[in-house]
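Notes to accompany the following structure.
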Amino acid sequence: MTFDDPGTSSVRGTDVLIIGGGVIGCALADRLTLAGLTVRVCEAGGVASGTTAHGEGNVLVSDKGPGPELELARLSRRLWPETLQRIGERLPAAVAAVEWDPKGGIVVATTEDGAATLAAFADGQRAAGVRCEALDAAQLTAAEPAITPSATAAVHYPEDAQVQPVAAATALLAAATTAGAIVETRCAVTGSIVGGGQLLGVRTTRGDRFADVVINAAGPWSGTVSRVLGAPIAVKPRRGDVLITAPLPPTVFHKVYDADYVGEVGNSAAGLQTSTVVESTRGGPLLLGSSRRQAGFDDRIRPDSLAAIARKAMRLFPVLADVAIMRAYGGFRPYVDDHLPVIGPDPRLPGLWHATGHEGAGIGLAIGTAQLVATALTGEPGRFDSTAFTVDRPAVLNPTTEYVSP
């Protein structure tokens, strides 16, 4: 499937121009065309070739404590099945490839301190409306027979789900193009077109592109794009690696991770951090994660990261000690110091909006993010308070950590 613009209409203005063809940009394109807006997507590489292609496809509520990000995750979780059902009515093959799997998640503690922390975290989520239930030892073993016998506590989250991330983004974008959206790949933004203090469009490697609204959805490269446009935001790349095992018979039945994972997601340290995440795929291999490291756009896969992931995965599932690793991959996640996305208009440059900074939760938060943007742009009534995600907050405009230049 090709998404390239046929040619002569390439400089015609649209209602919205989206910078970035990852899952956030694709979700925006789908939702905005659904709202009746004309849309163009400019992607510097290939569709879903960046962060989206290097993730695990998680749609989670289990890893977020009470607050605005959890509410956005819950909104997205409700909207994902509805969106796929709508798209599937016209594009059934594209939606089948998404492999929507509401498998549920299980968080496991392996120490007494970890058990107490997990219980308190789950209590807070229940109070916020998240469905979760404690599992005793027998229930945990029944759900995950290969789990470590040293588990001290476990909580089941039935709402956690998984998709094939590239297929999910492609399905969203296919729906948008079916509705008239224009998509240009190998179309990098090189500058801004400003008139009367308003952003009128962007200069790209494929020519000038005009729009009433430009949305920066470039993921880890959003900081770079924002500086090119003259309104810098502090979105930085955070590196993550994943191991993939050889195909296995059914061994892991949920997304399973240790209780340290939640704390590591919110950890701002620049050095290597790892926590255990193990989940199956429909093809048979297991995905083993996860790691975090602030290293700019250094794309080297480092042995210390892979070794730590493997070691911790074996502690959670001892059976993995005899399983071969087939390959490893890594990618960059869009990181903000306060660990919240950046969604909304830029007050410094009318016409510029941002939808970025989701770090490793972009797949799960994409549909909700698109809903927030569409509601704001079209003036639809909305009940979601997105104040926490605004651009003019200290972590976005005045970062506490130094940006590492690509």
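Sticking with the crude label model, points 7 Å out along Cα→Cβ, report the distance from Asp392 to Ile301 in nm, one decimal please.
Here the modelled spin labels are 4.5 nm apart.
Residues of region 104-147: accessible area per residue at 1.4 Å, in Å²?
I get 49 Å² per residue for this part.
From the protein chains alone at 1.4 Å, what is the descending order of accessible area for Trp353, Trp80, Trp221, largest first?
Trp221, Trp353, Trp80
If I build a Gaussian network model for the chain, linking alpha-carbon pairs within less than 10 angstrom, which residue out of Cys132, Cys26, Cys42 has the largest mean-square fluctuation?
It is Cys132.
Given the Cα atoms of the chain, and with Rh set as the inverse mean 1/r over their pairs in the Kirkwood sense, what is Rg to Rh to two decimals?
On the Cα set of the chain, Rg over Rh gives 0.97.
Between 0 and 90 degrees, rounded to the nearest ten: what's the tilt of helix 23-34 against the longest Cα principal axis of the chain?
It is inclined by approximately 50 degrees.
I need the phi-derived Karplus couplings for region 52-60: 6.51 cos²θ - 1.76 cosθ + 1.60, θ = phi - 60°, integer Hz, Gly and Pro marked x.
With coefficients 6.51, -1.76 and 1.60, one gets 4, 6, 10, x, 9, x, 7, 10, 10 Hz.
Given points 7 Å out from each Cα along the Cα-Cβ axis, report the Ile244 to Ala138 separation in nanometres with one decimal.
Each label point is offset 7 Å from its Cα along the Cβ direction, giving 4.0 nm.
Under a Cβ-Cβ limit of 4.7 Å, which cysteines in the chain have nobody to pair with?
So far as the 4.7 Å Cβ criterion goes, Cys26, Cys132 stand without a partner in the chain.
Place the peptides 190-199, 339-348 in order of packing, highest mean first, counting for every residue the other Cβ atoms within 10 Å and averaging per peptide. Each step should come with its number before you reach the end.
Values: 190-199: 13.6, 339-348: 20.8.
Result, highest mean first: 339-348, 190-199.
Quick one: helix 303-316 against the long Cα principal axis of the chain, what's the angle to the nearest 10°, folded into 0 to 90?
Result, in degrees: 50.
Report the paramagnetic label zone for Val194: residues of region 341-360 whose backbone N is under 20 Å from a point 7 Å from Cα along the Cα-to-Cβ axis.
344-355
Counting only GluC sites (Glu not before Pro) that sit in a DSSP loop (anything but H, G, I, E, B) with at most 13 other Cβ atoms within 10 Å, what is the longest stretch of the chain containing none of them?
90-401
When you take every Cα atom in region 1-138, what is the radius of gyration, and what is Dmax, the widest Cα pair distance, in Å?
19.6, 65
The values are calculated or read from the model by the stated rules, or taken from the named source; none is laboratory data. What you see is a predicted model; the values in this text were computed from it and never measured. As a convention, Cβ positions derive from the backbone with ideal geometry for all residues, glycine included, and neighbour counts pool all protein chains shown. Surface areas here come from the heavy atoms of the whole protein model, side chains and all, with no ligands, DNA or RNA. Shrake-Rupley method; radii C 1.70, N 1.55, O 1.52, S 1.80 Å.
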